[in-house]
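The values are calculated or read from the model by the stated rules, or taken from the named source; none is laboratory data. These numbers were taken from a predicted model, which means no experiment stands behind them. For neighbour counting, all protein chains shown are included, and Cβ atoms are generated from backbone atoms with ideal geometry for every residue, glycine included. Surface areas here come from the heavy atoms of the whole protein model, side chains and all, with no ligands, DNA or RNA. Shrake-Rupley method; radii C 1.70, N 1.55, O 1.52, S 1.80 Å.
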There are 2 protein chains.
Amino acid sequence: MVEKTSLTESELQDKLKELAPEWKAEKNEKGLDIIERVYRAKKFMEGIDFVQKVAEAAEANNHHPDIFINYKRITVRYWTHSSSGVTLADVQMAQKIDPLFDK
Amino acid sequence: MVEKTSLTESELQDKLKELAPEWKAEKNEKGLDIIERVYRAKKFMEGIDFVQKVAEAAEANNHHPDIFINYKRITVRYWTHSSSGVTLADVQMAQKIDPLFDK
């Protein structure tokens, strides 16, 4: 399954161009590649509604991000545990959840 | 307002005894006192339901924790920004949200 193969650094940079510019490639605390976006909600409960939608999409696709809620600031972090890096599945999830955010 | 005064180290240790033993006092990355509990849900969406309830309680009390969702593992972290530490309000919120978790 191609989605389960980690992207190389240059593939990741290419794929990032297909995402909204707010998506950043970073290293996590273990030095593994992750992609991350910070969403800023207008109200706290609007941010929570977004978290609910992201969770439903994650569950439907059986691919779950880390989510960090800091008041109105929601950080979504995707990577693939089993591949120890970022895969196409992560990029696809990023594309799926962006439209769920009400600006 | 007494709730807005930071607890001293020994007051905090005393107050912790009033909470479930899963609540821990820690320092955050800035060296400030926080209290934190990790909840482990049986299913991902049960964890998300709990986050929703915590958020509603936080909003109703106008006191919002940081929440970290790592699959079925939900971490709730309380402290009081304006006091740069843990206050009675944080302990009270910890007591309020514990019963919202379905074991």
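Values as computed for the structure displayed
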item	result
Average Cα contact separation per residue, chain A, under 8 Å, 6 or more apart, as relative contact order %	35
Other protein chain Cβ atoms within 10 Å, averaged over every residue that makes up B:50-60	3
Position A:Lys42, label points 7 Å along Cα→Cβ, spacing to each other copy in nm (shortest first, one decimal)	4.0
B:Lys17-B:Ser84 FRET efficiency (beta carbon distance; Förster radius 25 Å; 0.05 resolution)	0.60
Set of lysines with alpha-carbon distance to A:Lys17 below 22 Å, sequence-local pairs under 8 removed	A:Lys4, A:Lys27, A:Lys96, A:Lys103
Neighbour net charge for A:Glu9 - beta-carbon separation under 13 angstrom, K R +1, D E -1	-2
Candidates A:Ala41, A:Ala89, A:Ala60: whichever shows maximal mean-square fluctuation once chain A is modelled as a Gaussian network with Cα springs under 10 Å	A:Ala60
Copy-to-copy label separations for B:Glu9, where each label sits 7 Å from Cα toward Cβ, in nm and ascending	4.4
Pairwise burial B:A, computed as accessible area of each alone minus the pair, summed, 1.4 Å, Å²	1600
Radius 11 Å from Cβ of B:Ala60, net charge of other residues (Lys, Arg +1; Asp, Glu -1)	0
Beta carbon of chain A nearest to the axis of the rotation taking A to B, residue and angstrom distance	A:Phe68, 3
Net charge contributed by nearby residues that have their C-beta within less than 14 Å of B:Asn28 (K/R +1, D/E -1)	-2
Share of carbon and sulfur in the accessible heavy-atom surface of chain B [1.4 Å probe, %]	50
Mean-position separation - Cα centroids, the stretch A:48-103 and the stretch B:29-74, in angstrom	17
Cα-based reach from A:Lys24 at 18 Å (exclusive), listing aspartates and glutamates while leaving out same-chain residues under 8 positions away	A:Glu9, A:Glu11, A:Asp14, A:Asp33, A:Glu36, A:Asp66, A:Asp90, A:Asp98
Calculated FRET value between A:Arg73 and B:Arg73, using beta carbons and R₀ = 22 Å, to 0.05	0.60
Segment A:Glu9-A:Gln95, length gained on full extension (0.36 nm per residue, minus Cα span)	29.0 nm
